[in-house]
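Student: The structure's right below; bear with me while I get my questions together.
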Amino acid sequence: MTAVNDNEKPTEISLTASYVTFGGNTGNGEYFYAFDKNTLLFTKPGNYTISITLSKSTPKHFEIYSFICSNDTGNITRDESITSLPNNITLKNNNSSNQSINLSIVMYDTVEEKYFSCDPQVLNSPDPD
């Protein structure tokens with residue numbers, strides 16, 4: 001778990017994905033993914049930036065298509081001022097209430113023409129002080 005307390009600079013996350021045919025952890029076992037930071041714990045209230053970039057070892061025909069978030073309070077939103085798809089997505093986290101947020105980065109494999117999801121865990125636990 002990675003604790004994030006600095007909202008002055010973006011939290012950089014590298015995402016590696018690959019096509020493995022079987023035995024993977026997403027896409028009906030056909031894809032494998034890993035984040036260099038699996039769980040983010042935001043411990044201080046404030047606005048944070050999360051930047052997710054595909055690693056150099058991720059095939060060029062993989063693209064970040066979008067993101068889906070379980071949070072209905074608007075804490076996690078896409079930073080529309082930064083347009084860097086298909087190899088990066090920048091999100092804003094308004095850490096204002098305690099919650100576990102299920103976040104899924106939706107990927108698209110342009111060769112196999114398949115979508116698959118990669119889901120890091122985001123925990124918001126702002127200190128009440």
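Student: Fewest Cβ neighbours within 10 Å first, please rank Asp79, Asp119 accordingly.
Tutor: So the residues, fewest neighbours to most, are Asp79, Asp119.
Student: Okay, next question. If amide hydrogens are placed 1.01 Å from N in the peptide plane, which non-local residues have theirs closer than 5 Å to the one on Lys37?
Tutor: Residues meeting the amide H criterion: Ser14.
Student: Identify the GluC sites (Glu not before Pro) of the range 35-115 meeting these criteria: DSSP loop state and at most 13 other C-beta atoms within 10 Å of the C-beta.
Tutor: Taking the range 35-115 and a limit of 13 other Cβ atoms within 10 Å, the loop GluC sites (Glu not before Pro) found are Glu80, Glu113.
Student: Which residue fluctuates the most in the chain, going by a Gaussian network model with Cα springs under 10 Å, if the choices are Phe62, Phe22, Phe42?
Tutor: Looking only at Phe62, Phe22, Phe42, the biggest GNM fluctuation is shown by Phe22.
Student: When Cα Rg over 2.2 N^0.38 Å is calculated directly from the model, which label among (1) 1.83; (2) 1.06; (3) 1.35 fits?
Tutor: The calculated read-out lines up with (2).
Student: What is the dipole size for the chain, taken about its Cα centre, with +1 at each Lys and Arg Cβ and -1 at each Asp and Glu Cβ, in debye to the nearest 20?
Tutor: 140 debye
Student: Using a simple spin-label model with points 7 Å from Cα along the Cα→Cβ vector, what separation in nm is obtained for Ser14 and Asn88?
Tutor: It works out to 1.5 nm between the two label points.
Coordinate-derived values only; no laboratory data. What you see is a predicted model; the values in this text were computed from it and never measured. Neighbour counts are summed over all protein chains in view; Cβ atoms, including those assigned to glycine, are modelled from backbone coordinates with ideal geometry.
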